[in-house]
Amino acid sequence: MRGGETPSVRSVAYEWITDALEETWRRLEQTLRGRDERTFDSLTPCPGWSIRDVVNHLTGVEMMLDGEPIPELTGPLPDFVHNPLGEINEAFVSSRRHLTGEETLDEFRRATRRSLERLRSLSDDEWERVGWSPEGERSMARLQETRVVDSWIHLQDIRDALLEPADDHGRGEEITMNRFEAALPYLWGKRAQAPEGSLLQLNLMGRLARNVLLRVEQGRAIVVEATDQVPTVEITTASALFWRRCAGRISADAFLRASATDVRGDLRLATRFAESMVVIP
């Protein structure tokens, strides 16, 4: 260290992110430990991807963020690849389809362990530094929060493929639900083009139950704490259906017609909102 320089101090402000990543990645590894090859070939809700592919996708992202080169993509692109990021994902996935299940998990463990070590060494300044992310230029904290959401949803994809849902949703579910809730004003006001003065009441049931009220004022949807106004649209649904729709894992029709979903008010506007709910493809 040169004279006069201040040494980098490890951050404790963002430990909740690294803890969420570690917890989610550990549960994924535990879910697949000891499984046979046929299990890794099981199809997930992600178009064209098996369990093996999902794990290789997560590994590939961590390898890329660690500075490793992107594999060369050979052959035609699948129909479900729509953008450059999708091409990168497919390059890592397709280059690792030859790995056995055990090899896939071993590589996943190594890549995620390196990521956790790297993240736990960061200072506050490094966490707050702006750089590349799938959403554009964002802070390292925002990028890694997105990694939690992606990893947690893919953990549920794997559990769904195995027909083994679990209730140990943990920190990953909390971060995912908060991220999707934060997107609601944009979804209601911009995407669904809810008219001026219209009120959405969204009642989410489950471990992370919450009630959200959004009203369009001066062309923008804002959160309101309480109101005597009758909701233009009121939707009561399970949290699991909410995040699955926001993640694009179920269709708007399946979301609205589910037995756990109750829709009241303007059904046409409710349908438009449900069709606009996908936050991540």
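The values are calculated or read from the model by the stated rules, or taken from the named source; none is laboratory data. What you see is a predicted model; the values in this text were computed from it and never measured. Positions of Cβ are backbone-derived with ideal geometry, glycine not excepted, and every protein chain shown enters the neighbour counts.
Points to keep in mind about this one:
- Residue in segment 214-233 that is out of contact with any helix residue (DSSP H, G or I) (no Cβ under 8 Å at 6 or more places or on another chain), at positive phi and crowded, with 16+ Cβ neighbours inside 10 Å present: no
- Residue in segment 129-142 that is of a type in the set (Gly, Ala, Ser) and in contact with a Leu (Cβ under 8 Å, 6 or more places away or on another chain) present: yes
- Options Phe273, Phe180, Phe242: the member that is closer than 24 Å to Trp49 by Cβ and in contact with a strand residue (DSSP E or B) (Cβ under 7 Å, 6 or more places away or on another chain): Phe242
- Test for Gly189: is it surrounded by 13 or more Cβ atoms within 10 Å (Cβ to Cβ) and under 14 Å from Met277 (Cα atoms): yes
- Entry remark, segment 234-281: residues being within 28 Å of Arg147 (Cα to Cα), of a type in the set (Gly, Ala, Ser), touching a helix residue (DSSP H, G or I) at 6+ places or on another chain (Cβ under 6 Å) and free of Cβ contacts under 8 Å to residues at least 40 places away in the same chain number 2 in total.
- When Phe180 is tested against the conditions (1) modelled with pLDDT of 95 or more; (2) not in a helix (DSSP H, G or I), the lone failure is (2).
- Some residue of segment 224-234 being under 21 Å from Trp152 (Cβ atoms) and at pLDDT below 95: no
- Listed by position, the helices (runs of 4 or more DSSP H) enclosed by segment 16-132 that each have at least 2 residues that are without any contact (Cβ under 8 Å) to a residue 12 or more places away in the chain and either surrounded by 18 or more Cβ atoms within 10 Å (Cβ to Cβ) or not basic (Lys, Arg) (or both) are 84-94, 101-120.
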